[in-house]
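The values are calculated or read from the model by the stated rules, or taken from the named source; none is laboratory data. Predicted model, so just to flag it, every value in this text is computed and none were measured. Please note: Cβ atoms are built from the backbone with ideal geometry, for glycine as well, and neighbour counts cover all protein chains shown. Side chains included, ligands, DNA and RNA excluded: accessible areas come from the protein's heavy atoms. Shrake-Rupley method; radii C 1.70, N 1.55, O 1.52, S 1.80 Å.
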Amino acid sequence: MTKTELEKFKAILEAKKAELSDAVRNREDIAIEKPPDAIDEVQLAGERELAIRNLDRESSLLRQVRAALARIADGSYGVCMHCEEDISPKRLNAVPQTPYCIRCQEAADRHEFEANDTLEDLLLNAA
Ligand SMILES: [Zn+2]
């Protein structure tokens, strides 16, 4: 990957990170908000549940984006964390925060291996 491409992905990921950080902060506000007397508590509980679900999704996406930025910093970005092949530019354009090439992602989706970034990090650090 060229330096220009790396810079491009870095800019995309930084923007995503800022956007997700804001979203997560806002959801946290909703999730912990106390129900004012006038509002239907059932409806509010539903909204809070939805906010918490979105918060989960956005938090894990944010973690992936942060991890991808760390890989840009340490020079391992664009290489699959499972098979160590280059991830195709097409895939990176579509999902810039992905740690896996399409084949490994599909295998992970089928639970053929444990897609666990923390475990990968531990193994990498131990090596
Ligand atoms: Zn792979």
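Among the residues of the stretch 95-127, those identified as among the hydrophobic types (A, V, I, L, M, F, W, C) and either at pLDDT 80 or above or open to solvent by 90 Å² or more (accessible area, probe 1.4 Å) (or both) are V95, C101, I102, C104, A107, A108, F113, L122, L123, L124, A127.
Selection of first residues in the stretch 84-112 that are in contact (Cβ under 8 Å) with a residue 60 or more places away in the chain and within 13 Å of the ligand (Cβ to nearest atom) and of second residues that are acidic (D, E) and in a loop (DSSP other than H, G, I, E, B), restricted to Cβ pairs under 8 Å at least 6 apart or on distinct chains, gives an empty result.
For the stretch 67-83, residues that are within 14 Å of the ligand (Cβ to nearest atom) and open to solvent by 30 Å² or more (accessible area, probe 1.4 Å) total 5.
Tell me which residues, restricted to the stretch 71-87, are in a helix (DSSP H, G or I) and either charged (D, E, K, R) or touching a His at 6+ places or on another chain (Cβ under 6 Å) (or both). I'd like the intermediate steps shown before the answer.
Taking the stretch 71-87 as the starting set, the residues that turn out to be in a helix (DSSP H, G or I) are 71-74.
Residues satisfying the conditions are R71, D74.
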